[in-house]
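Just below is one structure, and these are the notes that go with it.
No lab work stands behind these numbers, since they all come straight from the coordinates. These numbers come from a predicted model, not from an experiment. For neighbour counting, all protein chains shown are included, and Cβ atoms are generated from backbone atoms with ideal geometry for every residue, glycine included.
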Amino acid sequence: MLPEDEYNQKLVSNVHPADWVNPTPSGKYNLVVIGAGTAGLVTAAGAAGLGAKVALIERQFMGGDCLNVSCVPSKAIISAARAAAAVRDAGEFGVNVPPGTEVDFGKVMERMRKLRSDLSPHDSVKRFTALGIDVYLGQGSFIDSSTITVDGTLLSFSKAVICTGARASAPPIAGLDTVPYLTNETLFSLTELPKRIGIIGAGPIGCEMAQSFARFGSEVYLVESAPGILVKEDPEAADTVRQHLVRDGVKLLCCGKDLELSPGKTGGVRLQVKSEGKGYDVTVDRILVAVGRAPNVEGMDLEKVGVEYTKMGVTIDDKFRTTNKRIYAAGDICSPYQFTHAADFMARSVIRNTLFFGRVNHSALVIPWATYTSPELAHVGLNPAEAEKRVIAIDIFTQPMSGVDRAILDGETEGFARVHVKKGSDKIVGATIVAKNAGDMIGSISIAMTQGIGLGSIANCIHPYPTQAEAIRKVGDIYNKTRLTPRVASIMKRLIAWQR
Ligand SMILES: Cc1cc2nc3c(=O)[nH]c(=O)nc-3n(C[C@H](O)[C@H](O)[C@H](O)COP(=O)(O)OP(=O)(O)OC[C@H]3O[C@@H](n4cnc5c(N)ncnc54)[C@H](O)[C@@H]3O)c2cc1C
């Protein structure tokens, strides 16, 4: 964990203390959990809290990706980039900032490291030991369907849960193996702002980091093979984000073809790519590869216990069971929804299914997600293309943010809240929001979907004025207006006339 400053030392002392001595197992465990990222921590803590005898095995850092090399450091950086953008745009609000105000990238990264180390006690060996869990630091691998070894120590189990997550993997890019490059595992060790950075892949990570580095002052080249960014999202929503990235100075090279990397003549990396008919040949100081994830299936001897996997990860059924009925899985290792909150909820379901004969289904989870660009793009449920594939006819209702007072006052009028309902009803099947705090706003749609609250009923929930979340209530109003058919309108008119 670099640099080895006081913050990273504190972090490591919490998540992988050098002087840690593994406990000696005493009898059979109800549950052995391999991997102490979000999925593993939640599984272990929840099961131990309910009285189970639990062992937790981690080969690197407790907290896994989220704390150490993904959500936490990336969001700390994004908040600094937002501050930089607010200062840059302050003039629009009548606030004059002295010219020459600049970003101190070293301080940005130090702040991130401090916040990450401040959060680390929560995921620490000390805390999980205090919860009554036997924490083993080392590589876990199966011996048979009731035994796991951690560096030679044998743990016997009734049930095991694989929570080993995923890692950055090198995609097939010509010349990638000839140049140094960053992934999420090394990006957060930077201490100096790259003057020019090439980012490969305009998915959530690529877009979040491209915008942030552009706001810090880097010259950013964002290379994407598809015609646009965030290709899994509502195209109009993704395009709104695209416009903001470009406005922030990101040089977006979509439809990227013949991408080739090679060592720069005088240092750095030469990046050659054809984008929309034009050839680009630039030398950048750093390359960030933000595409490609590989499941951590190696080294566990899964074959010995008949746990099947593909290049997407461990195969599970709808009850989170692997192909060995005593072994379950949760988190990035087995799910296409690679998010911390998804790992968390899969873990909660696994506890019920393993210990309490629960019957929680993976397919029943309503999993929202958000990309933390400015504006944020959040989604839950089906989009129109998925609905069509499943032969579900939908109606779509959209409230532009330009019609929401708070968005106007904030100067954040681009974006919208869009809700998809089952045709002819108000049953919500999905939603997309592009707005400043879309990630927070999507939560209320998730509540509605989980609890079976219709879009019409959302219109009856009072939202504080002025808030951007009023956009959601307004979508409900739009839906309710469609119910005012000429026949209903004429009945109401007659009723009102009768009261005169
Ligand atoms: C840059 C970036 C930003 C992200 N931002 C967000 C975000 O804002 N919000 C969000 O919801 N998601 C975000 N994600 C996704 C999120 O990080 C993951 O979905 C989440 O961390 C998955 O948790 P997990 O427990 O499944 O796996 P991990 O966190 O990967 O944990 C797996 C653990 O298992 C250990 N392990 C593996 N094999 C073994 C073994 N054989 N023995 C012992 N230990 C083993 C690993 O060392 C690791 O600690 C982001 C991802 C990236 C890359």
Q | Cα gyration tensor shape for the range 288-348, rounded if a/c is under 1.5, else prolate or oblate | A | oblate
Q) Near the amide H of Val161, under 5 Å away, which other amide H atoms are found, from residues 5 or more places off or on another chain, if H is placed in the peptide plane? A) Val32, Val33, Ile34, Tyr328
Q: Report the residues of the range 465-479 in range of a label on Leu409: point 7 Å along Cα→C-beta, backbone N strictly under 18 Å from it.
A: 465-474
Q: Could you name the lysines whose alpha carbon sits less than 20 Å from that of Lys265, not counting residues in the same chain fewer than 8 places away?
A: Lys195
**Q.** Simple label model, 7 Å out from Cα along Cβ direction - Ala18 to Arg88, nm
**A.** 4.1
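With a sphere of radius 12 Å drawn around the Cβ of Ser145, what net charge do the other residues whose Cβ falls strictly inside it have (Lys, Arg +1; Asp, Glu -1)? Intermediate results must be reported in sequence, preceding the final value.
Values: positive: Lys159, Lys304, Lys325, Arg326; negative: Asp144, Asp301.
Summing Lys and Arg as +1 and Asp and Glu as -1 gives +2.
Against the globular-protein guess of 2.2 N^0.38 Å, express the Cα radius of gyration of the range 83-207 as a ratio, rounded to two decimals. Intermediate results must be reported in sequence, preceding the final value.
On the way: Rg = 22.4 Å, N = 125, 2.2 N^0.38 = 13.8 Å.
Working it through for the range 83-207, the quotient is 1.63.
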Q) Can you sort Thr191, Thr373, Thr164, Thr467 by how many other beta carbons sit within 10 Å, fewest first? A) Thr191, Thr467, Thr373, Thr164
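For a distance above 19 Å, tell me the whole-number percent of Cα pairs in the range 328-408 that qualify. Spell out each step's value before the answer.
Numbers: 1824 of 3240 pairs.
Result: 56 percent of Cα pairs exceed 19 Å.
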Q: Pull up all non-local amide H partners of Ile199: gap of 5 or more, or a different chain, and H-to-H distance under 5 Å with H placed in the peptide plane.
A: Tyr221, Leu222, Val223, Leu288
Q. Between Ala294 and Ser79, what is the label-to-label distance in nm when each label sits 7 Å out along the Cα-to-Cβ direction?
A. 3.4
Q. Looking at the square roots a ≥ b ≥ c of the eigenvalues of the Cα gyration tensor of the range 22-65, which shape do they give, rounded for a/c under 1.5, prolate if a/b is larger than b/c, or oblate?
A. oblate
Q) Which values, in whole Å and largest first, are the semi-axes of the equivalent ellipsoid of the range 1-95 obtained as the square root of 5 times each eigenvalue of the Cα gyration tensor? A) 39, 17, 9
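Using Cβ contacts closer than 10 Å as the measure, can you line up Ile133, Ile78, Ile57 from fewest to most? Walk me through the intermediate numbers first.
On the way: Ile133 26, Ile78 20, Ile57 29.
Neighbour counts put them in this order, fewest first: Ile78, Ile133, Ile57.
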Q: Kindly list the residues of the range 397-431 that lie in the label zone of Ile462, defined by a backbone N under 20 Å from the point 7 Å along the Cα-to-C-beta vector.
A: 405-406
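What FRET efficiency, computed as 1/(1 + (r/R0)^6) with R0 = 41 Å and r the Cβ-Cβ distance, is obtained for Asn96 and Thr129, rounded to the nearest 0.05?
Working: r = 54 Å, r/R0 = 1.31.
That pair, Asn96 with Thr129, gives E of 0.15.
Using 0.36 nm per residue, how much length does the chain from Ala174 to Ser189 gain when fully extended, once their Cα-Cα distance is taken away? Intermediate values should be presented prior to the final figure.
Working: separation 15, 0.36 × 15 = 5.40 nm, distance 2.56 nm.
Extending this stretch completely gives an extra 2.8 nm.
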(Q) Let me test this: with uniform point scatterers at the alpha carbons of the chain, what is the Debye-based log₁₀ I(q)/I(0) at q = 0.05, 0.06 1/Å? (A) -0.23, -0.33
**Q.** Relative exposure of Ile445, Ile367, judged by other C-beta atoms within 10 Å (fewest first)
**A.** Ile367, Ile445
Q: Measure out, as a whole number of angstrom, how far apart the alpha-carbon centroids of the range 395-415 and the range 263-334 sit.
A: 37
Q. Any idea how many Lys pairs in the range 271-334 come in under 29 angstrom at the alpha carbon, given 8 or more places apart or on separate chains?
A. 4
Q: Determine how many Å³ per residue the convex hull of the Cα atoms of the range 424-489 encloses.
A: 98
**Q.** Asp5-Ala385 pseudo-label distance in nm [points 7 Å out on the Cα-to-Cβ vector]
**A.** 4.2
(Q) Quick check: residue separation of Leu484 and Asp104 times 0.36 nm, minus the Cα distance between them. What number comes out in nm? (A) 131.1 nm
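On full extension of the chain, what length is gained from Thr283 through Arg494, given 0.36 nm per residue of separation minus the C-alpha to C-alpha distance?
Working: separation 211, 0.36 × 211 = 75.96 nm, distance 7.38 nm.
Taking 0.36 nm per residue and subtracting the Cα distance, the gain is 68.6 nm.
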Q. Which ³J(HN,Hα) values in Hz, rounded to whole numbers, follow from the phi angles of the range 186-203 under the Karplus curve 6.51 cos²θ - 1.76 cosθ + 1.60, where θ = phi - 60° and Gly and Pro get x?
A. 10, 3, 7, 9, 4, 10, 10, 6, x, 5, 10, 10, x, 10, 9, x, 9, x
Q: Name the residues whose placed amide hydrogens come within less than 5 Å of the amide hydrogen of Ile143, ignoring near sequence neighbours (fewer than 5 apart) on the same chain.
A: Ile148, Thr149
**Q.** Whole-Hz couplings from phi, Karplus 6.51/-1.76/1.60, listed for the range 371-383; x for Gly and Pro
**A.** 10, 8, 7, 10, x, 6, 10, 10, 9, 8, x, 7, 9
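Could you state the per residue volume, in Å³, of the convex hull enclosing the Cα atoms of the range 210-308?
Working: hull volume 16.3 nm³, N = 99.
Given the Cα convex hull of the range 210-308, per-residue volume reads 165 Å³.
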Q | From phi via Karplus (6.51, -1.76, 1.60), per-residue ³J(HN,Hα) for the range 470-482 in Hz, x at Gly/Pro | A | 4, 3, 5, 4, 5, 5, x, 4, 4, 4, 4, 4, 5
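Counting each DSSP H run of 4 or more residues in the chain as -39500 (n - 2.57), what helix-only mean residue ellipticity at 222 nm follows after dividing by all residues, to the nearest 500 deg cm²/dmol?
The helix contribution divided over the chain gives -10000 deg cm²/dmol.
Please state the shape class of the range 65-155: rounded when a/c is under 1.5, otherwise prolate if a/b exceeds b/c and oblate if not, all from the C-alpha gyration tensor.
The shape class here is prolate.
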